[in-house]
Amino acid sequence: MPDPQPVLQHNLDQIEEKIRTACAVSGRSRDEVQLIPVTKYAQLEWVKALVNLGYHHLGESRPQQLLQRSEMFPANIKWHMIGQLQRNKVRKLIPATSLIHSVDSMKLLTAIERITQEENLEREEQLKPEVLLQVNVSGEESKQGFTPEELRVNWEAVQSLQATKVVGLMTMAPKVEEIEQSRPCFASLRELREELNQASSNLKLKHLSMGMSRDFRIAVEEGATLIRIGSLLFSGLKESEPE
Ligand SMILES: *Cc1c(COP(=O)(O)O)cnc(C)c1O
């Protein structure tokens with residue numbers, strides 16, 4: 001198999017340039033934005049190449065693959081759970097995950113809290129899961145996530161969590177013809193973060209996880225702190241894949 005590193009480096013350079021331009025356009029500093037490579041469709045060799053290139057935060061969307069890979073890599077590689085999460089996977093996933101981007105309901109959030117507290121009774125080193133709340137900004141029926149109204153209604157309960165650290169919001173833009181049309185969705189998430197931070201006494205939402213291969217430039221311009229990029233990063237590698 002050919003060495004994936006040159007292709008990855010080339011793609012990363014192009015992505016980096018776009019991030020820098022988006023930061024410059026919006027008056028942001030480059031170090032406010034972290035690229036999280038999404039490795040859900042990546043071969044193991046590609047993931048290893050990314051790690052060699054210095055990327056230590058990686059996103060996976062399926063718990064099974066995240067768990068498998070987290071065992072294969074040393075502890076300094078941090079795994080981000082970005083896909084839909086079932087409550088029965090939470091107990092296994094929490095110790096392996098650095099940030100869960102996809103907490104999409106109070107049911108899931110309270111399950112994470114309860115399970116963490118149970119686990120911590122038995123652990124010397126206490127688990128303190130960090131999570132983002134996934135918001136369905138556009139209100140599409142088919143989309144996962146809290147509606148902004150659900151978040152407002154439950155904000156007291158979110159703030160009263162003891163074990164779980166809510167550190168930000170995540171969204172996925174609706175399907176649009178022109179990427180520019182995703183801007184209002186990203187801007188709304190930023191405004192919602194500000195609104196919730198104002199309504200908080202002790203909790204501070206730091207992160208906005210938004211922007212994927214297609215629309216990350218717009219997301220960065222609108223304040224993304226974490227961008228989740230998969231297909232663009234690996235483009236040019238699929239062709240060489242064996243049957
Ligand atoms: C797959 C996935 C991504 C990456 O998508 P690309 O379009 O391949 O960059 C980002 N976020 C989530 C939640 C995903 O499932």
Checklist line | Too-long pairs where the Cα-Cα distance tops 20 Å, listed order kept, from LYS40/LYS128; LYS89/LYS175; LYS40/LYS92; LYS78/LYS128 | finding: LYS40/LYS128; LYS89/LYS175
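To the nearest 20 debye, what charge dipole does the range 175-223 have about its Cα centre, counting +1 at the Cβ of each Lys and Arg and -1 at the Cβ of each Asp and Glu?
280
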Check: How many Å² of accessible area per residue for the chain, probe 1.4 Å?
Finding: 52
Checklist line | Alpha-carbon centroid distance for the pair the range 82-116 / the range 1-67, whole angstrom | finding: 24
Notebook entry, point to check: What FRET efficiency, computed as 1/(1 + (r/R0)^6) with R0 = 45 Å and r the Cβ-Cβ distance, is obtained for LEU121 and GLN5, rounded to the nearest 0.05?
Noted result: 0.50
Margin query: For ASN136, what residues show an amide H to amide H distance below 5 Å, using hydrogens built from the backbone and excluding near sequence neighbours?
Written below: PHE146, THR147
Next item on the list: For LYS175 paired with MET72, estimate the spin-label separation in nm (one decimal), with each label point 7 Å from Cα along the Cα-to-Cβ line.
Entry: 3.2
Checklist line | Calculated FRET value between GLU149 and ARG62, using beta carbons and R₀ = 35 Å, to 0.05 | finding: 0.70
Checklist line | Spin-label model distance (nm) - SER160 vs LYS89, 7 Å beyond Cα toward Cβ | finding: 3.0
Notebook entry, point to check: When the accessible area of the chain is computed with all protein chains present and a 1.4 Å probe, what percentage of it is carbon and sulfur?
Noted result: 47
Notebook entry, point to check: About its Cα centre, what dipole magnitude does the chain give when the only charges are +1 on Lys and Arg Cβ and -1 on Asp and Glu Cβ, stated in debye to the nearest 20?
Noted result: 360
Notebook entry, point to check: How large is the convex hull of the Cα atoms of the range 1-84 per residue, expressed in Å³ as a whole number?
Noted result: 105
Notebook entry, point to check: Tell me, what is the FRET efficiency for ASN52 and ALA24 to the nearest 0.05, using R0 = 22 angstrom and their Cβ-Cβ distance as r?
Noted result: 0.15
Check: Add -39500 (n - 2.57) for each DSSP H run of 4 or more in the chain, then divide by its residues: what number comes out at 222 nm, to the nearest 500 deg cm²/dmol?
Finding: -12000 deg cm²/dmol
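The values are calculated or read from the model by the stated rules, or taken from the named source; none is laboratory data. Predicted model only: the values in this text are computed from it and were never measured. Here the Cβ is made from the backbone with ideal geometry for all residues, glycine too, and neighbour counts use every protein chain on show. Side chains are part of the model used for accessible areas, which takes the heavy atoms of the whole protein and leaves out ligands, DNA and RNA. Shrake-Rupley method; radii C 1.70, N 1.55, O 1.52, S 1.80 Å.
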